[in-house]
1. Between ARG143, ARG91, ARG134, which is among the basic types (Lys, Arg) and touching a strand residue (DSSP E or B) at 6+ places or on another chain (Cβ under 8 Å)?
2. For the stretch 88-120, which residues satisfy the criterion of being over 15 Å from the mean Cα position of the chain (by Cα) and over 26 Å from GLY59 (Cα atoms)?
3. Being touching a Ser or Thr at 6+ places or on another chain (Cβ under 8 Å) and within 19 Å of LEU115 (Cα to Cα) narrows it down to one residue among ALA66, ALA76, ALA101; which is it?
4. Across the stretch 155-173, what is the total count of residues that are surrounded by 13 or more Cβ atoms within 10 Å (Cβ to Cβ) and within 21 Å of LEU99 (Cβ to Cβ)?
5. Can you tell me which residue within the stretch 105-161, out of those that are part of a loop (DSSP other than H, G, I, E, B) and of a type in the set (Val, Ile, Thr), is farthest from ALA191 (Cα to Cα)?
6. Taking the stretch 55-84, which residues are buried (at least 18 other Cβ atoms within 10 Å of the Cβ), in contact with an Asp or Glu (Cβ under 8 Å, 6 or more places away or on another chain) and outside any loop (DSSP other than H, G, I, E, B)?
7. What are the residues in the stretch 70-84 that are of a type in the set (Asp, Glu) and either in contact with a helix residue (DSSP H, G or I) (Cβ under 6 Å, 6 or more places away or on another chain) or modelled with pLDDT of 80 or more (or both), if any?
8. Pull up the stretch 97-122, narrow it to residues that are surrounded by fewer than 23 Cβ atoms within 10 Å (Cβ to Cβ) and not hydrophobic (A, V, I, L, M, F, W, C), then point me to the one that is nearest to GLU154 (Cα to Cα).
Amino acid sequence: MPATPPCRSPAAPGDSVRNPARAPGSPGTAGLLPMRTLILGGARSGKSRHAQALAAASGLPVTFIATGQARDPEMAARIARHQAERPAAWRTREEPLHLAAALDAAPGCVLIDCLTLWLLNLLEAGETVFERERALLLDALPRHPGRVILVANEVGLGVIPLGELTRRYVDEAGHLNQAVARIADEVTFIAAGLPLALKPRPEST
């Protein structure tokens, strides 16, 4: 299985689509229409920074769900650095496998970083866990009442791997990104820190 670079991204402010009947400044997610954003990009593209900017601009309590695991000292140091970069007010939850349950338990704005490392964890956990948790996440995304921001690597633009397992990993990452993109209200591709709208966000109603 490949060692995928951790998903990590200048800021383009964003927010949930708001209901005009909501009183300005009122707390929580009441009056907010659900909003799901998928942010794609290559390694060091700026996608995580972009996602964090969107979460900070939402005006909602933020839960950061981290899927990466400290598999070696370098990864542990990377995780610690990223934790230090996040606002202290954000709640962080580490969840390498059960992403749907973590999403269901998090109100307000939820930032998931990233789907690609989560997929790697699922494939290593076995076919049963992979099929179950993937289906649960795709079921949970449409029903979340708040703002959901998902970060994923676009791994299909590079060299095609030779091994059977790594080819399967690339294939499944592409399938997962497509499935989430169909559910998402907006999809953005990040390259060199610049956002390109693949699926523009809906207009406020």
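1. The conditions single out ARG91.
2. Hits for the stretch 88-120: nothing passes.
3. Step by step, each of ALA66, ALA76, ALA101 is checked, and only ALA66 is touching a Ser or Thr at 6+ places or on another chain (Cβ under 8 Å) and within 19 Å of LEU115 (Cα to Cα).
4. 6
5. Result: ILE160.
6. The answer is PHE64, ILE65, ALA66.
7. Hit for the stretch 70-84 is GLU74, nothing else.
8. ASN121
The values are calculated or read from the model by the stated rules, or taken from the named source; none is laboratory data. Quick caveat: nothing in here was measured; it's all calculated off a predicted structure. Reconstructed Cβ throughout: ideal geometry from the backbone, glycine too, with neighbour counts over all protein chains shown.
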